[in-house]
Amino acid sequence: MKTAVIVFPGSNCDRDAAEALRMVTGHAPAMIWHQETSLPDGLDLAVIPGGFSYGDYLRSGAIAARSPITRDLVKRAEDGMPVLGVCNGFQILIETGLLPGALMRNAGLLFVCERTPLQIENTNSRFTRSYGETREVTIPVAHHDGNYFADNETLDRLEGEGQVAFRYLNNPNGSIRDIAGITNAKGNVLGMMPHPERAVDPVHGGTDGLGVFESLLGGTA
Amino acid sequence: MKAKIHVYLKPGVLDPQGTAVANSLKTLGFEEVTGARQGKLIELDLSSVDAEEASERVKAMCDKLLTNPVIENYDIELSA
Amino acid sequence: MKAKIHVYLKPGVLDPQGTAVANSLKTLGFEEVTGARQGKLIELDLSSVDAEEASERVKAMCDKLLTNPVIENYDIELSA
Amino acid sequence: MTDISPRYAPGITEEIALEHVTADEYETILRVLGRAPNMVELGIFSVMWSEHCSYKSSRVHLKKFPVTGERVVYGPGENAGVIDIDDGDVAVFKMESHNHPSYIEPYQGAATGVGGILRDVFTMGARPVALMNALRFGAPDHPKTRQLVSGVVAGIGGYGNCVGVPTVGGETNFDKGYNGNILVNAMAVGLAKREGIFTAAAKEAGFPVLYVGAKTGRDGIHGATMASAEFGEGSEEKRPTVQVGDPFTEKKLIEACLELMAEDAISSIQDMGAAGLTSSSVEMASRGGLGIELDLDHVPQRETGMTAYEMMLSESQERMLMILKPGAEPIAERIFRKWDLDVATIGKTTDTGRMVLKHKGETVCDLPLDPIGEEAPAYTRPWFEPEARASIDPRSMKGPEHLGEALLTLMASSDMASKRWIWGQYDRHVMADTIASSEDPADAAIVRVHGTNKALAITTDCTPRYCYADPFEGGKQAVAETWRNLTAVGADPIAITDCLNFGNPERPEIMGQFVGCVEGMAEACRALSFPVVSGNVSLYNETDGKAIPPTPAVGGVGLLPDLSKRAGFGGMKEGDVVLLVGE
Ligand SMILES: Nc1ncnc2c1ncn2[C@@H]1O[C@H](COP(=O)(O)OP(=O)(O)O)[C@@H](O)[C@H]1O
């Protein structure tokens, strides 16, 4: 499996994401600097890691969404390449328009860092299928702007099409309809606020994040 | 030339920051405050000379980067 | 009555947000941008009726809560 | 010897001089220079001989700490302490205060405190892997407390979360003794390879001096010190400004510095802390017994019309000074450009033993470096032992009537109550090596050494109440508690850093608290073979003549050679046996 992690100035979960990918796939991912203009050919997955790309100034993810590498990423995602955006990666995907809605300041106005129980809404997606019968997982969140918002029409569509991937069981940030992660209509792009790469080793206190990476191993869904 | 851009949250979009501001003001005894909303103020210095063109360009900046149309509205004030 | 409060960083205070915005605009081809600063915009709804009194009160709100006098300046616009 | 340009000729009066240094200090300056200093030079002396840089009140007592040990690689004197943790790995750590700035502007004060302590650690070639914070606030019902707590905590989180270093633990006390003077102490821990450690001392003359990081602005320059008649320009912006932190730039600076450190390019490196350009350039040159020449025109500047004085005293954040191996400039430029940071060659090392500064073609400063260090004031301030508090015989005390109620009262007290509201705002898991942090049932935080099966245990401790009652015993207790907390998670305690927060040292009773605490700490350190490898002193913590409780915060680091052997106090089951050990 050929994977890549995109690194923006201010990304800070790039190493963690790379380690999780190496652990699951047996290969180190390519680390792609934001100034590059194209991703390697034949990628099975591109990960946009968490962090504070460009300081998260203006709006979280806004500047990264307009950087050189992102243009190619959007094109490839539209062609069907799987893309996983975690935390800041989710914010960036939203800002590119690949995923609908907006991620606003947490309702409590504070940064939240906690291990969060999640409901897996769709266990058939290419990002969740290895969870099998498991419906409930615990994965940590750490963010200031994770409060998902979209208009009702969009929300109904997301729910109707099975695009809600994860829901919070104990909403930490005010997200509308408890949404923690969504996919695009084609199902090849997932954005989620919780950090699966922080739950892949028993010393993390749990390995519930592994499933997200393992699900991708089986080829295209 | 200078541009002053006011960025507002759209009506209907929840504004927890504004709500917190209104509540704290009331707690401090400013009972006359019935609501608050918090937005952004972006000031740009421009080397442009033509006001009309500058206005077009700043609008493009707002649409391409400075604001998020899903949740925000904006207005632009240009001055020499 | 409504109050619109513009909160600016004082001149000389580092404004990393503004710098990031200016750089990003330039990268997107808006070469005319020579500088950017980011501030806050706070809009208040007030039940006040007397403009003069309201202006005093809003000033007090700014000094007590809404702005940080160490690094920020502000101005107030009142409207009916 | 270069002559000072006429425009910058010494013209200051004794009156102005005495606003910056004491009469004795000014006499020393006149003697070593053989002339009056100009304003730039006076500024340099006043910074270098400030309490903050010269430790003039504390130096004689800090010598009492044991600072060596089998695992000590570098003790006090470097930017941070360095200890050996086997396999060629070292841990690098230090604690520092940012008390006054945090009281004035809680968010930025605390944030820049975190930024500063991180720079102390990565300056030495270590990747920062953990942050801790020791906080003391006033009484919970004091009108300022709420706003200070929320600002400080948001600032620590805002900076640490953004740079991507987990904040894994800390301590928080509330006491009316801190009503007018809070304490914000931050500790950073980093990891490096032993052969990858960098130090600050300049090594050879003729090497290029590089400035990297953010641009210099007028941050932290106080209006009052600007009353110089020498400079005409730049008068429009002479207002005092606080330092504002930019964690995004710091993150880029960490990555860029570590990337450059992996090349054979850097000869020595130093962060620009308080009064950045002055202390970094003076210290690098004088530690190496060399001289330094800088052309301030090349210093990247954020504002126009900055004077030499302003540049030398600016406290702008996220800047570093490095001496490169000759010819390595292109490597540094490539890396810093890649990270979109400023980089400029601003001068070179010399063999003159002097610091020469040029600005706009004129020589604005020409000082011998040796005397700045050698003649730095060191005071043996008068002190007396504080009156010991009468000890209470516990048997003479009547126990509470309802034990359960007493327990609830205790648990609801501000010091004992859950600190979740605080640590919930800190990213404790970034870097994916956090094994125990604030939320976990363990007496110390545990952070895995990346890619290995060993870990560091980290804790901060101090009980100011004890230090107030009996400084010597309180000092001992703080060190002992640190040691116990490390052993309680199964680690071998190795060494400590400290942050000694006290009131005005010119008052003998305060000096007495200081001396007592230091001697108590030193005794415990000796008894436990637990040396001090770095630290920081913060004096003059008082308002209206009322000093804070003596607060010698201790930060300890230990090694857990095998992660599977860690311990905690979670997972208790019914039927478990409870053992009480000790006296
Ligand atoms: N300022 C702080 N930052 C991070 N963690 C904190 C802070 N204050 C307290 N904590 C955490 O809260 C927990 C309880 O703190 P404390 O009551 O001091 O416990 P203990 O006495 O067991 O060290 C500890 O895990 C500690 O690390």
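The values are calculated or read from the model by the stated rules, or taken from the named source; none is laboratory data. None of these values were measured; they are calculated from a predicted model. Cβ atoms come from the backbone with ideal geometry, glycine included; neighbour counts cover every protein chain shown. Quick note on the areas: whole protein, heavy atoms, side chains included, nothing else; ligands and nucleic acids left out. Shrake-Rupley method; radii C 1.70, N 1.55, O 1.52, S 1.80 Å.
A compact table of results
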| item | result |
| --- | --- |
| Buried accessible area, chains B and C (both chains, 1.4 Å probe, Å² to nearest 100) | 3200 Å² |
| Shielding of C:25-35 by partner chains, average beta-carbon count, 10 Å | 6 |
| Ellipticity estimate at 222 nm from DSSP helix runs (n ≥ 4, -39,500 (n - 2.57)) divided over chain D, nearest 500 | -9000 deg cm²/dmol |
| In the D-C interface, the accessible area buried, summed over both sides, Å² (probe 1.4 Å) | 1000 Å² |
| At least 40 Å² accessible surface lost relative to isolated chain, residues of the stretch A:26-57 (1.4 Å probe) | A:Trp33, A:Phe52, A:Tyr57 |
| Percentage relative contact order, the stretch B:2-79, counting C-alpha pairs under 8 Å, at least six apart | 51 percent |
| Spherically averaged projected area in nm², based on the convex hull that wraps the Cα atoms of the stretch A:64-152 | 7.0 nm² |
| Accessible surface of chain D, 1.4 Å probe, proportion on carbon and sulfur as whole % | 53 percent |
| Orientation-averaged projected area, Cα convex hull of the stretch D:449-583 (nm²) | 10.6 nm² |
| Average other protein chain Cβ within 10 Å of Cβ, residues A:58-70 | 4 |
| Probe 1.4 Å, all protein chains present, accessible-area order of D:Trp339, D:Trp483, largest first | D:Trp483, D:Trp339 |
| Anisotropy class of the stretch C:2-79 from Cα gyration tensor, a/c 1.5 cut | prolate |
| Simple spin-label estimate for D:Glu195 and A:Lys2 in nanometres, 7 Å along Cα-Cβ | 3.6 nm |
| On Cα atoms only, tilt of D:329-338 relative to the major axis of chain D in degrees | 60 degrees |
| Inter-site label distance for A:Glu133 and D:Glu303 at 7 Å from Cα along Cβ, in nm | 6.8 nm |
| Three-way shape call for chain A based on the alpha-carbon gyration tensor, with the a/c threshold at 1.5 | rounded |
| Residue mean of other protein chain beta carbons inside 10 Å, A:194-205 | 4 |
| Sequence-separation-based contact order of the stretch D:433-583, relative, with Cα cut under 8 Å and 6+ spacing, percent | 33 percent |
| Most to least accessible of C:Glu72, D:Glu70, A:Glu159, D:Glu387 (protein chains only, probe 1.4 Å) | D:Glu70, D:Glu387, A:Glu159, C:Glu72 |
| Accessible area that becomes buried as A packs against C, both chains, 1.4 Å probe, Å², nearest 100 | 600 Å² |
| Principal-axis tilt of helix B:51-61 within chain B, Cα atoms, nearest 10 degrees | 60 degrees |
| Between helix D:276-287 and chain D: long-axis angle, C-alpha atoms, 0 to 90°, nearest 10 | 90 degrees |
| Rounded FRET efficiency, nearest 0.05, which uses the C-beta distance separating C:Ser79 from B:Lys59 and R0 of 25 Å | 0.55 |
| Charge tally in the Cβ shell below 14 Å around D:Ala478, where Lys, Arg are +1 and Asp, Glu are -1, D:Ala478 excluded | -4 |
| Accessible area per residue, Å², chain D with all protein chains present, probe 1.4 Å | 39 Å² |
| Nearest-10 value in Å² for the accessible area of D:Lys176, using the 1.4 Å probe | 150 Å² |
| Within the accessible area of chain C (1.4 Å probe), percent carbon and sulfur | 50 percent |
| Chain D pair-distance distribution - Cα-Cα, 10 Å bins, rounded % | 3, 17, 28, 27, 16, 6, 2, 1, 0 |
| Cα gyration tensor category, rounded, prolate or oblate, for the protein assembly as shown with a/c compared to 1.5 | rounded |
| Listed residues C:Ser48, C:Ser55, D:Ser268 arranged by accessible area, highest first, probe 1.4 Å | C:Ser55, C:Ser48, D:Ser268 |
| Mean Cα-pair separation over length for chain A, i.e. relative contact order, pairs under 8 Å, 6 or more apart, % | 20 percent |
| Interface residues in the stretch B:41-63 - accessible area drops by 30 Å² or more relative to the isolated chain, probe 1.4 Å | B:Leu41, B:Ile42, B:Glu43, B:Leu44, B:Asp45, B:Ser47, B:Arg57, B:Met61 |
| Solvent-accessible heavy-atom area per residue, rounded to whole Å², over the stretch B:2-79 at 1.4 Å | 48 Å² |
| Candidate lysines - alpha carbon under 20 Å from D:Lys565, same-chain residues fewer than 8 apart omitted | D:Lys454, D:Lys573 |
| Solvent-accessible area, 1.4 Å probe, carbon plus sulfur percent, for chain A | 45 percent |
| Straight-distance crosslink candidates among aspartates and glutamates, where the alpha carbon sits under 17 Å from D:Lys476 and sequence neighbours closer than 8 are dropped | D:Glu385, D:Asp461, D:Asp498, D:Glu519, D:Glu523, D:Glu583 |
| Over 18 Å between alpha carbons, listed pairs D:Lys338/D:Lys360; C:Lys64/D:Lys546; D:Lys56/D:Lys176; C:Lys10/C:Lys40 | D:Lys338/D:Lys360; C:Lys64/D:Lys546; D:Lys56/D:Lys176 |
| Heavy atoms of D:Arg566 accessible to a 1.4 Å probe, total area in Å² rounded to 10 | 100 Å² |
| Distribution of pairwise C-alpha distances over the stretch D:513-582, 10 Å bins, in % | 12, 29, 26, 21, 11, 1 |
